[in-house]
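Student: Handing you a structure now.
The values are calculated or read from the model by the stated rules, or taken from the named source; none is laboratory data. What you see is a predicted model; the values in this text were computed from it and never measured. Cβ: placed from backbone, ideal geometry, glycine included. Neighbour counts: every protein chain shown.
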């Protein structure tokens, strides 16, 4: 079967992120001897005409569309992405008789609503690599599913989770937009944050990839694609079992060091772990603090305190690793007193950048949805495709916005609203700077060299480039 796979993502802030899930599905299809073409809507300049021309040339049997995000979860500057998917589906219908199947993390959050909204034929909810191959094999024999939504429980682990089939043309676009290349080391999340969809999408248990395969991907990205910065896409990089250390040790043993970033929880870190991170190239740690007082941290389902956030921040700073925190105001349990306490806590953090959000996007199936129903903020069964944000009862939205605006006005490393600097970061990426770049907000970090990776043998000499085999 001929598959035309489309990444429909149009978000490019704070930097463009390579469509990793799409390329992992492409890998599974290719391994099953199906023919695959990958297309990135953002890399094409969001051109429906370019999409139509590519479809006509390839003449696919099936078109798969990956949906990464539904919207930008920013109450103060809402951007919605599903309409773009609808336009893509309409263009496919205009030039092709191929069946259309949806997938991706954004789709899996609200599959029935999105399938109905955009008018596709089928959708895969959950882990797509195995299901898409079964779908393709049955379609090849002329058998099509009766159910429109095909569901999967998260099950793949170790070598069952494939390496991505990175597309060279698509990768070139993303490397020109910040030199950031994506790699996944694990799936699943053991944490119980009340607002988060990761446990629903990937399961509540950690399922690791083979560390050697992960580092093979990094080696491939450096050697054959010229990547200068790695983003580990895991929900949380430093898992409680310490499996992340196996990846770092494999990098160290193979003498691979490249600037990288990931999401971290403040818990379970020590000097040895952070020193190993620094040795393998960690430049910027994004810490999932989310709330900024002990009261709201507990209400969000966090198992750490603000003191632990401070301690992890200091530990990274000790090794000259920049940190960023993302804080949400209006959490369950929020009062005017906790808002003021949280503002003071954020201001007291040193050597870090803080991005401040107002309100929390309510997603179906999360504990936050139940909290919002119980508090009368939404109705049971209410459709949530149109964004609805949680702000704790008793907190006036206008007061909260004004208070946050005044509190962080003129503070370089505290950004409110959270997208206030997106255009500036995009401009720096066009100049050739790599990575997240928010570390430049931190006092003392204004001067920054363009990052280059190190992949060296024992004598410190770069090895010869290997032939690409994907």
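Student: Check residue 125 against each of (1) closer than 30 Å to residue 358 by Cα; (2) touching a residue at least 40 places away in the same chain (Cβ under 8 Å); (3) touching a strand residue (DSSP E or B) at 6+ places or on another chain (Cβ under 6 Å) and name the one condition it does not meet.
Tutor: If we test residue 125 against (1) closer than 30 Å to residue 358 by Cα; (2) touching a residue at least 40 places away in the same chain (Cβ under 8 Å); (3) touching a strand residue (DSSP E or B) at 6+ places or on another chain (Cβ under 6 Å), just (2) comes out false.
Student: Answer yes or no as to whether residue 80 is touching a residue at least 60 places away in the same chain (Cβ under 8 Å), under 18 Å from the mean Cα position of the chain (by Cα), closer than 30 Å to residue 143 by Cα and not assigned by TED's automatic domain parsing to the domain that holds residue 397.
Tutor: Details: touching a residue at least 60 places away in the same chain (Cβ under 8 Å): yes; under 18 Å from the mean Cα position of the chain (by Cα): yes; closer than 30 Å to residue 143 by Cα: no; not assigned by TED's automatic domain parsing to the domain that holds residue 397: yes.
Against the criterion (touching a residue at least 60 places away in the same chain (Cβ under 8 Å), under 18 Å from the mean Cα position of the chain (by Cα), closer than 30 Å to residue 143 by Cα and not assigned by TED's automatic domain parsing to the domain that holds residue 397), residue 80 does not qualify.
Student: With respect to residue 243, is the statement that it is modelled with pLDDT of 95 or more and buried (at least 19 other Cβ atoms within 10 Å of the Cβ) true? Outline the logic, then answer.
Tutor: Values: modelled with pLDDT of 95 or more: yes; buried (at least 19 other Cβ atoms within 10 Å of the Cβ): no.
Answer is no for this residue.
Student: May I pose another question? Determine, yes or no, whether residue 202 is farther than 30 Å from residue 45 by Cα and surrounded by fewer than 21 Cβ atoms within 10 Å (Cβ to Cβ). Please lay out each step first, then the result.
Tutor: Working: farther than 30 Å from residue 45 by Cα: yes; surrounded by fewer than 21 Cβ atoms within 10 Å (Cβ to Cβ): no.
No; evaluated as a whole, the condition is false for this residue.
Student: Can you name the number of the only condition in (1) under 20 Å from the mean Cα position of the chain (by Cα); (2) without any contact (Cβ under 8 Å) to a residue 60 or more places away in the chain that residue 233 fails?
Tutor: Residue 233 satisfies every listed condition except (2).
Student: Can you pull out the residues in the stretch 331-361 that are surrounded by fewer than 21 Cβ atoms within 10 Å (Cβ to Cβ) and either under 23 Å from the mean Cα position of the chain (by Cα) or part of a loop (DSSP other than H, G, I, E, B) (or both)?
Tutor: Answer for the stretch 331-361, where residues must be surrounded by fewer than 21 Cβ atoms within 10 Å (Cβ to Cβ) and either under 23 Å from the mean Cα position of the chain (by Cα) or part of a loop (DSSP other than H, G, I, E, B) (or both): 333, 335, 350, 351.
Student: Now a separate question. If I filter the stretch 247-265 down to residues being free of Cβ contacts under 8 Å to residues at least 60 places away in the same chain and under 22 Å from the mean Cα position of the chain (by Cα), which single residue comes out as nearest to residue 179 (Cα to Cα)?
Tutor: Going through the stretch 247-265, the residues free of Cβ contacts under 8 Å to residues at least 60 places away in the same chain turn out to be 248-254, 260, 262-264.
Next cut, under 22 Å from the mean Cα position of the chain (by Cα) only: 248, 260, 262-264.
On the way: 248: 21, 260: 11, 262: 15, 263: 18, 264: 21 Å.
It comes out as 260.
Student: Same structure, new question: Looking at residue 178 and the list (1) touching a strand residue (DSSP E or B) at 6+ places or on another chain (Cβ under 6 Å); (2) buried (at least 21 other Cβ atoms within 10 Å of the Cβ); (3) at positive phi, which single condition is not satisfied?
Tutor: For residue 178, the exception is condition (1).
Residues are listed down the side, and each one gets a yes or a no for (1) crowded, with 20+ Cβ neighbours inside 10 Å; (2) touching a strand residue (DSSP E or B) at 6+ places or on another chain (Cβ under 8 Å):
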| residue | (1), (2) |
| --- | --- |
| 230 | yes, yes |
| 254 | no, no |
| 263 | no, yes |
| 267 | no, no |
| 275 | no, no |
| 282 | yes, yes |
| 292 | yes, yes |
| 307 | no, no |
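Student: For residues in the stretch 137-156 being farther than 22 Å from residue 114 by Cα and crowded, with 17+ Cβ neighbours inside 10 Å, which is modelled with the highest pLDDT?
Tutor: Of the stretch 137-156, the ones farther than 22 Å from residue 114 by Cα are 137-143, 155-156.
In the following step, the residues that additionally are crowded, with 17+ Cβ neighbours inside 10 Å were identified as 139, 156.
Details: 139: 94, 156: 91.
Of everything passing the filter in the stretch 137-156, 139 is modelled with the highest pLDDT.
Student: Given the structure, is residue 386 outside any loop (DSSP other than H, G, I, E, B), surrounded by fewer than 20 Cβ atoms within 10 Å (Cβ to Cβ) and in the same structural domain as residue 264 (by TED's automatic domain parsing)?
Tutor: On the way: outside any loop (DSSP other than H, G, I, E, B): no; surrounded by fewer than 20 Cβ atoms within 10 Å (Cβ to Cβ): yes; in the same structural domain as residue 264 (by TED's automatic domain parsing): yes.
In short, no.
Student: Mind telling me which of the residues 235, 163 ends up being assigned to a loop (DSSP other than H, G, I, E, B), in contact with a strand residue (DSSP E or B) (Cβ under 8 Å, 6 or more places away or on another chain) and surrounded by 16 or more Cβ atoms within 10 Å (Cβ to Cβ)? Please lay out each step first, then the result.
Tutor: On the way: 163 fails: in contact with a strand residue (DSSP E or B) (Cβ under 8 Å, 6 or more places away or on another chain).
Just one listed residue meets the conditions, 235.
Student: On to the next question. Taking residue 192 and the conditions (1) exposed (fewer than 14 other Cβ atoms within 10 Å of the Cβ); (2) assigned to a helix (DSSP H, G or I); (3) touching a residue at least 40 places away in the same chain (Cβ under 8 Å), which numbered condition does it fall short on, given that it satisfies the others?
Tutor: So residue 192 meets the others, but not (2).
Student: Test residue 211 against the stated conditions and say whether it is closer than 27 Å to residue 301 by Cβ, outside the structural domain of residue 38 (by TED's automatic domain parsing) and free of Cβ contacts under 8 Å to residues at least 40 places away in the same chain.
Tutor: Taking the combined requirement at face value, the residue does not satisfy it.
Student: Further question on the same structure: Does any residue of the stretch 424-442 turn out to be modelled with pLDDT under 65, under 29 Å from residue 69 (Cα atoms) and touching a strand residue (DSSP E or B) at 6+ places or on another chain (Cβ under 8 Å)?
Tutor: Checking the stretch 424-442: at least one residue is modelled with pLDDT under 65, under 29 Å from residue 69 (Cα atoms) and touching a strand residue (DSSP E or B) at 6+ places or on another chain (Cβ under 8 Å).
Student: Can you tell me which residues in the stretch 121-132 are surrounded by fewer than 19 Cβ atoms within 10 Å (Cβ to Cβ) and at pLDDT 95 or above?
Tutor: Step one: filter the stretch 121-132 for residues surrounded by fewer than 19 Cβ atoms within 10 Å (Cβ to Cβ), giving 121, 130.
Matches in the stretch 121-132: 121 only.
Student: Please determine whether any residue of the stretch 391-401 is modelled with pLDDT under 95 and part of a loop (DSSP other than H, G, I, E, B).
Tutor: In the first step, residues of the stretch 391-401 are kept if they are modelled with pLDDT under 95; the result is 394.
Right, trim to part of a loop (DSSP other than H, G, I, E, B) and you get 394.
Yes.
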